[in-house]
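Only the coordinates and a few stated rules stand behind these numbers; no lab work does. Values in this document were obtained by computation on a predicted structure and should not be read as measured data. Note: ideal-geometry Cβ built from the backbone for every residue, glycine included; neighbour counts use all protein chains shown.
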Amino acid sequence: MRGFLVKTVFAMLLVTLSGCQSRPSLRKLPILAPATAPIMPLQRVFLASHTSTSLRVEFEDQRPGPERYYYPGLSEPHHWRDAVSMVPMEAFDPAIEDFIRGRFDSGGVVPQRDIQEIRIQLTSFQVVYDQRKDTEGVFLARHSNWQAGKDREDIERQERDDQRRAEAEEERRKKRDDAIRYGDGNSYSESLSGSLLAPVVGAIAQGLFIELPRWAMRREKTYILTEPTEQQTPTFITDGKVEGLNFQISATITTLDSDGRKSRFPVEVVQHRSVDGGKLLQPQVTQLVEESMKEFCDRIAE
């Protein structure tokens with residue numbers, strides 16, 4: 001009796017688990033040191049010494065701490081809210097500050113007035129690759145397939161149950177007809193009570209010990225769907241971003257003219273570019289950064 005109860009509970013547990021979606025997979029969002037980020041080679045720049053040029057370019061990094069890390073993001077479909085990666089400024093070679101100095105030293109940018117010094121207080125630098133839309137699409141496609149498989153399994157199970165009940169009813173009716181035909185009322189009563197109980201007992205025994213565990217394990221193996229997880233990526237990375245490559249640089253610029261006059265003004269450049277899946281990603285990133293940084297330097301010189 002005890003063995004019967006143990007098997008019954010085990011079988012019912014399998015059925016319960018098989019009918020549920022699995023809990024979210026709580027994979028921790030990786031936040032890595034800048035040195036682990038892939039190197040992004042920029043165009044080589046000319047750097048002159050401050051003694052050989054009248055224009056001095058000073059650079060002050062005031063980025064918030066979280067922007068100084070590498071966020072590779074997550075790629076699993078149920079983590080689609082975290083399918084966002086960000087490389088820090090430290091990943092670029094030459095360094096961003098050297099790239100800016102090189103633009104002025106090489107004459108690529110000529111200030112419209114006589115400026116002796118430019119001080120750049122960098123407050124934000126983000127290069128973000130957003131894949132949330134595509135990854136969510138993969139998740140929704142899998143969910144649709146999962147639901148279709150689950151519905152198909154439920155229909156097949158219902159059909160088996162209907163067939164089992166029909167066979168039991170046919171067996172009961174046959175025994176009743178045989179009892180009436182041979183005039184054995186007592187046998188009919190006994191066969192009636194037996195036929196009523198037999199399908200129930202048989203279904204329980206067969207279902208619990210043979211069919212249900214196999215059905216449960218098959219369903220658990222085939223139609224498990226992991227629920228989507230909540231976003232772990234810091235919102236400063238995802239806010240305002242769209243599918244593809246996103247670039248943003250913000251800084252406060254202070255210039256000193258030859259006559260001693262100071263000017264202070266903000267400069268911000270925000271760019272977006274779709275990703276060409278048929279090309280390597282790295283050259284597309286560096287091209288976006290180079291073009292955006294050139295625009296940044298041009299706006300300083302206005």
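Data table
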| item | result |
| --- | --- |
| Sorted by Cβ density within 10 Å, fewest first, the residues Ser144, Ser124 | Ser144, Ser124 |
| Hz values of 3J(HN,Hα) by residue in segment 172-177 - Karplus curve (6.51, -1.76, 1.60), Gly and Pro given as x | 5, 5, 5, 5, 5, 5 |
| For segment 222-298 versus segment 73-119, the gap between their alpha-carbon centres in whole angstrom | 8 Å |
